[in-house]
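A quick write-up on the structure given underneath.
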Amino acid sequence: MELEEAEERKGQIIKLHIGVFTSILIPLFLILIFISEKYHKQEFKRIALTKTNQSLMTGLFLTVIITILFFLPLLRETSLYFILPSFSIGVLMLILFLFPFYRKYRFAIILLIIFLHLNILYTWPSGIMITERSAAFAKLSLSGSWNPDWKLLNPYYNPFPMDIGLFSIVSEITSIIPISALLDWIIGVLFVIAFDLILYSLIKQISGSWRVGIFGVILFVFTPPARINAQP
């Protein structure tokens, strides 16, 4: 009975999560698209760069940084976690579109978005991880080479399972045991960083706007089916 109640609560939380993100992000993204279209058609009137406005926006920017770097990891298991990422990104996007002097912070901003992406996908790993592919991993580690005739995996992966090869190489380089959850975490983090930076570079090159590049990464971060899977 307790297990069923826990599963029901989990389902309700997931529905709340989806509802909050959908209700906040869809209007926000539509507004930003309209702003972007207007900006390309005519000179978009930016907010005047006064000391007061700069101080206000700098304060908001620092608030977003503190929220993403410190509060999100601490509040991961609370209901606030469902709202803070959308709120933080919404404030950040408005700052980027309205205040051109933030151009010089674009590298720091893309790193901030990547950190948010990692925080959403992963928690700090502990313990071990044994899966259906662990036997094949162990066989490869002991033998030093792969034999497709072992039939440890689906023939689809022959002649060589690249994901196991990747884990084996990283394990050899870092000296982390193959079944450590930390190994899976490291590879996942590397793939997330690579995906986000490549996506940012491509969209920036196509659109000619670094803001649109950041916006594309944000869309990717908040798209549930686009979860990074570290398999070649």
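Fewest-first ordering of ASP184, ASP149, ASP196 by other beta carbons within 10 Å of each residue's beta carbon gives ASP149, ASP184, ASP196.
Would you mind getting me the FRET efficiency between LEU56 and SER201? Use the beta-carbon distance for r and R0 = 25 Å, nearest 0.05. Walk me through the intermediate numbers first.
Details: r = 31 Å, r/R0 = 1.26.
Efficiency computed from Cβ-Cβ geometry: 0.20.
Shape verdict for region 134-179, please, from the Cα gyration tensor: rounded (a/c under 1.5), prolate (a/b greater than b/c) or oblate. Note, shape of region 134-179 comes out prolate. If you stretched the chain out fully between ARG76 and SER134, how much longer would it get, using 0.36 nm times the residue separation minus the C-alpha to C-alpha distance? Working it through step by step, the gained length comes to 17.9 nm. Taking Cβ atoms as reference points and 15 Å as the exclusive limit, the residues near SER171 contribute a net charge of -1, counting Lys and Arg as +1 and Asp and Glu as -1. The chymotrypsin sites (Phe, Trp or Tyr not before Pro) of region 167-211 include none that meets both conditions, a loop assignment by DSSP and at most 16 other Cβ atoms within 10 Å of the site Cβ.
Within the shell of other residues whose beta carbon sits under 13 angstrom from the beta carbon of TYR200, the net charge comes to +2, with Lys and Arg scored +1 and Asp and Glu -1. Converting phi to 3J(HN,Hα) with the Karplus coefficients 6.51, -1.76 and 1.60 and the offset θ = phi - 60°, region 180-194 yields 6, 5, 4, 5, 4, 5, 4, 5, x, 4, 4, 5, 4, 4, 5 Hz in sequence order, with x at every glycine or proline.
Amide H contacts of SER180 (H built 1.01 Å from N, in plane; Pro and chain starts excluded): MET129 sit under 5 Å, all sequence-distant by 5 or more or on other chains.
All of the numbers you see were taken from the coordinates with simple rules; none came from a lab. Remember, predicted model here, so these are calculated numbers, not experimental data. Cβ sites come from the backbone with ideal geometry, for glycine too, and all protein chains shown count toward neighbours.
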